[in-house]
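Okay, structure first, notes after.
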Amino acid sequence: MTNYYDQHFQSRIGLGESVLSVVKDAANAYLDGKPASRGKHKVTRSERHVAFWSSDFLTTLSAQAWQSQAMTLALAQYLGQERVANMAMLANVAAVAPDALVRAVRCSGLVLKQHSPRRTELDQLAASSPVIAELCKVLNIFELPHRERLSEVATWQRRLAELSPLELLNYTSLYAFEHLVPAQFGVSTPSSNPRHDMQAAWDAINDILLWKLSTCTDTLLKLTDAAICHSLAQHLSPFLFPSPEGQPARHDLREAFANLLAAQVELNSFVAQSADAFSYDHSIEFVRVGNQLEIKEVDAAARAAWQRDGRKLAALHTYWHYRAVDAFVESGLATQQIGRPENHELNRVAYIKAMRTQLQLTEVYGVGPTVTTGAGDSVPLFQALLSLELMNVFFQRDFLESYVKHLRTAGDWAAALSVVAMQGLKQGVQLRFPLTWSSRADKISSIVGWTVTAEHSQGDRRQTEAIVDFWTSDWAKLANQMRNAEPGLRPELFERPILKMGQTLVQLPWVVGLQNNSTAAINNLRRLGQRRGEARAETQRIETQLGALLRTRGFQVVLNWNPSVGPEGNAGEVDVICARDGRVLVLELKSTYLRRSQQDAWQHESTTLRKAGQQLRRKMVAVQLALLDQPELAQALGVECGAVAATVHGWIVDTSMECDHQRFGGFLKVSLEELMMALRDDRHLLHDPQGLFTQRVGGSGAVPGTLYSQGFSAARLVDVVESQAVWVGV
């Protein structure tokens, strides 16, 4: 195709614009996936790589151009792809701006892809550049431990290659009851470790199961009763019901699984704490001392901000729980019996937890009263959330607590599991094995009572079917997606904890009983379900709800304003504009999901938030021009048209906590939850006022008072947000 980027460069230079400005715009176009199409032809990512890195203007750029954020990020894209090479361009960067090349190498993730031809190009440049030579030595130090850890994982994978996915789940569950469940309940046994890193183990288990799915055949994912019985007889029953006449327990496979898990944890730890830190944590540098690397802190403020954002997320759990307790009391449920008397207390906790997640999904993510399954069926949101919480209660009470009770008595994990399983068999109740299975019809029948309402006294079976589907991960579909290297997000264990294998549904009591259901629900909808048909309506609902909250504070609000096409082109729709006391706020909203890794956070920063800063800059210009000469907008906002006294602020308001209170394109990024708390003036709920989590009598001590002791004003709101007053003490 005709080179879009060269054309863009030449036309803008012809208009007298500076080279630096035009290069930044060209790089941003490349980073933003432009051009998306040429006529009827959709331009692929590979075609954009070829076009951009073949552009003539790249060959003689100055150091200042390469050191811009846009060009450094673009260079990271070059280093992360393998289709196109431009050694002359790379040599120029190494000569004029080696520091920019070092930053780009870090951001590219090349440290874990050292087989890439881009890595060979760096070795060639090292001969003439001391800076690049030192970088290559640092990369070499990373390569050996990474290769060793990959090899160790592969060794233990080969030992478990004979296992089917169901058989691997058997050993996964045995490990969980031997190590993870005791650690969670604080039980010390000869084989348990109370300091077991639960999250690291869960992440490693997820990786192991995805490996198994990527290597197994479709037949192994179509479970039959015969296959289940054969698997249990060989790989589970010998541990639960040992017998001299029966199959011997495969302790070799149990130990191999433990070794694979340890190797996977070690690999993941290396990637997260070393490789990802090198790539995406720019508050530190890795300095070579001989054949070792030492970490040097170069930006203490940035490192402190990352840790502070983590504390904010933890405090938000307290905030939403208190909001849910208030909602529970206001609903009248606090004075009613929920379910059978013996289940009342646990059911009440389940209701409050479901309300907590519903409030967060509704107010932060704009989720409506119903959501859809992958099959297109409608599910009432609260019932879906409540069902997961009731599953959690069931597995906690009937599996985990019973197991822990016997574990404390017996002191042996296998003996305790045996007692729990035998009691289940004797009582004729549902299975009490380390993993459970049923047909879809039986699963629906077992939980249909959770959907009892005045209209459906026996429960709503159709609604129950949709709820089961909503929380189900189809392993055959996922395995096919992975084997064919198809694009798409992979569900983690906790996001969709019902595992579909043919016509059989498998559940892991230790997963459903211990997982964070709030995160499961949010990421089920916002990460895995980001392409749902409701997603656009949810974004609009967020804007509408925020506008309503602003109005309660006396702001005049305009939503989804479309400015006229200006000198910089179409600025795009402005999500929220509001005004009070001569102050105008222009808000750009972004709705995403909960992230956990530095890589995910960096990608959010370098894509969504970087682009949001560019968008908001254009929208701010459009709003300021309109306030000067468009009386309709000024009138809607209650300000005088052309009044120079109006002060305009632009904020990026994001549902995620990443990069909180950083600036993008010069504009402050704040979390939606912070802005909501600032407007509601209820930050005290962050501080556990009743001591529900700190377990202190009479609450947790000093709790912050109102943010507006002198009364609410737009100026004070701006000060509260920009000074992070909501988070004082967190």
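Relative contact order of the chain, taken over Cα pairs closer than 8 Å and 6 or more residues apart, is 10 percent. Taking each of Lys212/Lys477; Lys34/Lys611; Lys24/Lys113; Lys312/Lys590 in turn, the alpha-carbon distance tops 22 angstrom for Lys24/Lys113. Region 248-374 gives an Rg/Rh value of 1.18, both radii derived from C-alpha positions and Rh following Kirkwood. Simple spin-label estimate for Gln199 and Ala454 gives 4.4 nm between the two label positions (7 Å along the Cα-to-Cβ direction from each Cα). Provide the FRET efficiency to the nearest 0.05 for the Asn343-Thr694 pair, computing r from the beta carbons and using R0 = 25 Å. That gives a FRET efficiency of 0.35.
Under the simplified labelling scheme, the Lys222-Asn484 pair shows an inter-label distance of 1.7 nm, with each label point 7 Å from Cα along Cα→Cβ.
Whole-Å semi-axes of region 4-148's equivalent ellipsoid, largest first, each the root of 5 times a Cα gyration tensor eigenvalue?
Taking √(5λ) for each Cα gyration eigenvalue gives 28, 18, 11 Å.
Whole-Hz Karplus values for region 447-461 come out as 10, 4, x, 6, 10, 5, 9, 4, 7, 10, 5, 9, x, 9, 5 Hz, taken residue by residue from phi with 6.51 cos²θ - 1.76 cosθ + 1.60 and θ = phi - 60°; glycine and proline positions read x. The HN-Hα couplings worked out from phi for region 674-681 by the Karplus form 6.51 cos²θ - 1.76 cosθ + 1.60 (θ = phi - 60°) are 5, 5, 4, 5, 5, 6, 7, 6 Hz, whole numbers, x standing for Gly and Pro.
Dipole size of region 304-421 about its Cα centre, with +1 on Lys/Arg Cβ and -1 on Asp/Glu Cβ: approximately 320 debye, rounded to the nearest 20. The per residue volume of the convex hull around the alpha-carbon atoms of region 72-152 is 80 Å³. Here region 498-563 is described by how far its Cα atoms reach on the three principal axes: 54, 24, 14 Å, from widest to narrowest.
Backbone amide hydrogens, once placed in the peptide plane, bring Phe664 within less than 5 Å of Lys669, excluding anything fewer than 5 places away on its chain. Mean sequence separation of contacting Cα pairs (under 8 Å, at least six apart), scaled by the length of region 303-528, corresponds to a relative contact order of 18 percent. Per residue, the average separation of C-alpha pairs within less than 8 Å and at least 6 apart gives region 153-297 a relative contact order of 28 percent.
How about region 235-323: which GluC sites (Glu not before Pro) there are in a DSSP loop, with at most 14 other Cβ atoms within 10 Å of their Cβ? Provide the component values of the computation, followed by the final result.
Numbers: sites: Glu245, Glu255, Glu266, Glu285, Glu294, Glu297; in loops: Glu245.
Sparse-neighbourhood loop GluC sites (Glu not before Pro): Glu245.
Secondary structure note: in the chain, about 65% of the DSSP beta bridges are antiparallel. Of the residues Ala204, Thr189, Leu293, the one whose Cα sits farthest toward the positive end of the charge dipole of region 153-297, with +1 on the Cβ of Lys and Arg and -1 on the Cβ of Asp and Glu, is Thr189. Scalar couplings 3J(HN,Hα) for region 284-298, obtained by applying the Karplus form with A = 6.51, B = -1.76, C = 1.60 to θ = phi - 60°, are 10, 10, 9, 10, 7, 10, x, 9, 10, 10, 10, 8, 10, 6, 10 Hz; x denotes Gly and Pro.
Bear in mind these aren't lab numbers, they're just calculated from the coordinates by the rules spelled out. All values reported here derive from a predicted model rather than from experimental measurement. Methodologically, a virtual Cβ is constructed for each residue, glycine included, from the backbone with ideal geometry; neighbour enumeration extends over all protein chains shown.
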